[in-house]
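The values are calculated or read from the model by the stated rules, or taken from the named source; none is laboratory data. Everything numeric in this text was worked out from a predicted model, so none of it was measured. Glycine gets a Cβ as well: all are built from the backbone with ideal geometry, and neighbour counts include every protein chain shown. We work out accessible area using only protein heavy atoms, side chains counted, and drop any ligands, DNA or RNA first. Shrake-Rupley method; radii C 1.70, N 1.55, O 1.52, S 1.80 Å.
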Amino acid sequence: MQSLPRNRCLSLLKLNLKSATTNHTKQIHAQLIISSLKSPSFHAKLIQLYCAKPSPQTNHLANLIFTHFDPPNLFLFNTLIRCTPPKHSLVAFSNWVAEKISSFDDFTYVFVLGACARLCSVSTLWLGRQIHARVVRVGVMFNVLVPTTLIHCYASNKDVVSGRKVFDEMPMRNSVTWNAMITGYCSQSKKAKDCAFEAALLFKDMLVDVCGMKPTDTTMVCILSASSQLGVLEIGVCAHGYIEKTIYMPENDLFIGTGLVDMYSKCGCLDSALSIFRRMRDKNVLTWTAMVTGLAIHGRGKEAIRLLDLMRVCDVKPNAVTFTSLFSACCHAGLVEEGLSLFDTMNSKWDLEPNKQHYGCIVDLLGRAGHLNEAYEFIMGMPVKPDAILWRSLLSACNVHEDIVMGEKVGKILLQLQPESISEDLTGTSEDYVALSNVYASAGRWQEVESLRKEMKVKRIENKPGCSSVQTTKTP
């Protein structure tokens, strides 16, 4: 390995992080040791260089820079927990706390809470709560960055209620704080519509806030996402009008334009979505996918497939989500041959490996068209192990097309996938028994129906009660 002169090594510290190789970074590290240079700024840059090429070795070397720096330097520690992977950051923070070294500043808490937000788990949420208690005790909540990052931490770990409590207790907020809370609501998978409505209400509060915080482009992207989740056109149209009046032409912004395409498509205004899509100057794969999804939702499968050809002309490569939407478009429009052709070209033409969701789309496509034997053979020939969702899709198609023989075969496969333990909560597994029971009932095989019902009682499997939901027209 060719060595570098001392001056050259130090000048490399000013390079772009992606420009330095790991070997050159090691040489710079060695020159700093030989020269006895104790500058925290040099060593902080060295930590960044190591972390720019993440690996177990570089993470270990970055940690050594901090641990061997005497006396311990807070600036280096902050750099370490900011740049290393979240898991390493949290371990480093925990170790320093365990050593009862409490000389942390505001940035330390911002960086470690940011690490908690990037590493979502139950244990991380617990750690985030402990850090929350610590920042309250040491009195750094006055810095708006700390509670704002705490909101982001809670929302990322699916505890949006605690995040909202932090938000409401803040005496002063900036636009980033508002965006963190609104984004937190929009990112929730559980009770998504309720959270989306809360995001819309919060946006309304932001507009009338006495501090005069103005929504940013990030705010508007989140509100458009909330409108899409709710399917409430009025909120989306109001957001669109606000964007045009106070910010700029939405077609000139890639992310706002994409948000508008998605919102209008999911709120039933496909023509408006197409109009904005055509006027947008720049489009990325997310924009094209949003438009393909909109066409799929509205049953315009052939137009969705034509968009794929336009993507190639515009040198935009589709991703896995794009193909999921294309398969969905084929399902809704009954384009069996086109869907199978797309599946065959995923790998050969677009260099994309089909995942389980794509296989499920093809099973649904064949099942809806009544090609039940082909769907069964397709599942059996999959390179990945089929799950219950795939078999349920085929069983549903068997019920629709009244294929009793295939329905019984698929139903029995599903029952074999049922968990053996009766100690688990099995209310969610009743649908397979009910579906097979319906197959038998449609054929008038009542003894088999009774046998299945008795088996459910023995295994203590409860049928889930049916329910209906009605969407109201309330707007914030």
- Message: Which log10 I(q)/I(0) values does the stretch 57-187 give at q = 0.10, 0.11, 0.18 Å⁻¹ under the Debye formula, counting every alpha carbon as one identical point scatterer?
- Response: -0.31, -0.37, -0.94
- Note on the structure: Treating only Lys and Arg (+1) and Asp and Glu (-1) as charged, each at its beta carbon, one finds that the stretch 52-115 has a dipole about its Cα centre, in Debye to the nearest 20, of 240 debye
- For the stretch 68-171: accessible area per residue (Å², 1.4 Å): 50 Å²
- Query: What do you get for Rg/Rh over the chain if you use C-alpha atoms and the Kirkwood form of Rh?
  - Reply: 1.04
- Item | CD proxy at 222 nm, helix term only [per DSSP H run n ≥ 4: -39500 (n - 2.57); per residue of the chain; nearest 500] | -21500 deg cm²/dmol
- the chain, relative contact order [Cα under 8 Å, separation at least 6], %: 6 percent
- Task: Just the number, please: Stokes-Einstein D of the stretch 320-455 in µm²/s, Kirkwood Rh from C-alpha pairs, 4 °C, 1.567 mPa s.
- Result: 81 µm²/s
- Once you put a point 7 Å from the Cα of His401 and another 7 Å from the Cα of Lys190, both along the Cβ direction, what distance in nm separates them? 3.9 nm
- Give the range of the longest stretch in the chain that excludes all GluC sites (Glu not before Pro) found in loop regions by DSSP and having at most 15 other beta-carbon atoms within 10 Å. 100-401
- Message: Using 18 Å as the Cα-Cα cut-off, could you pick out the over-long pairs in Lys409/Lys459; Lys412/Lys459; Lys317/Lys349; Lys87/Lys356?
- Response: Lys409/Lys459; Lys87/Lys356
- Measure of compaction for the stretch 69-139 (Cα Rg per 2.2 N^0.38 Å): 1.03
- Given 290-299, 434-443, the highest-first ranking by average Cβ count within 10 Å works out to 290-299, 434-443
- Excluding ligands, DNA and RNA, the carbon-plus-sulfur percentage of the accessible area of the chain with a 1.4 Å probe reads 56 percent
- Message: Please report, in whole Å³, the volume per residue of the convex hull around the C-alpha atoms of the stretch 189-276.
- Response: 89 Å³
- Item | Approximate shape of the stretch 150-212 as ellipsoid semi-axes (Cα gyration tensor, √5λ), whole Å, largest first | 19, 14, 8
- Message: Quick check of the Kirkwood formula: for the stretch 341-382, what is the inverse mean of 1/r over all pairs of different Cα atoms, in Å?
- Response: 10.7 Å
